[in-house]
Amino acid sequence: MLDAGRAAWRAYFAVLGRLRTGKFKIETWDAGWWQVRSALKDRLLATDEMQATKLAHDALRDKLRPQLAEFGFLDAGLESAIQSVPGSAEKIG
């Protein structure tokens, strides 16, 4: 996840001058992930890096999700109910 995220940030800064920064309120170095992702998507830039980041995020989510109940972050019954709802992974992840 970290390597994919770093690649996405490098791509973002490489094309920063081509992005519509005003549209996404990007005015300083501390732009948030939503702003970065949206600005790149808006110009169809860094698509490979963003896809790699999404795949890494999904893999991390799938690895951690079973441990939510195991470590007491989420009741096991509730976790089962969430997993049984179609599309719940996309909404939560």
What pairs can you find where one residue is in segment 5-32 and in contact (Cβ under 8 Å) with a residue 40 or more places away in the chain, the other is assigned to a helix (DSSP H, G or I), and their Cβ atoms are less than 7 Å apart, with a gap of 6+ or different chains?
-> GLY5/THR53; ALA7/GLU49; ALA7/ALA52; ALA8/GLU49; ALA8/MET50; ALA8/THR53
Can you pull out the residues in segment 38-74 that are of a type in the set (S, T, N, Q) and more than 25 Å from THR21 (Cα to Cα)?
-> GLN67
Number of positions in segment 60-82 that are among the charged types (D, E, K, R) and exposed (fewer than 11 other Cβ atoms within 10 Å of the Cβ) | 2
Of all helices (runs of 4 or more DSSP H) completely enclosed by segment 10-89, which ones contain at least 3 residues that are modelled with pLDDT under 95 and among the small types (Gly, Ala, Ser)?
-> 76-84
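The values are calculated or read from the model by the stated rules, or taken from the named source; none is laboratory data. The shown structure was predicted, so the numbers you read here are calculated from the model rather than taken from an experiment. Note that each Cβ is placed from the backbone with ideal geometry, even for glycine, and that neighbours are counted across all protein chains shown.
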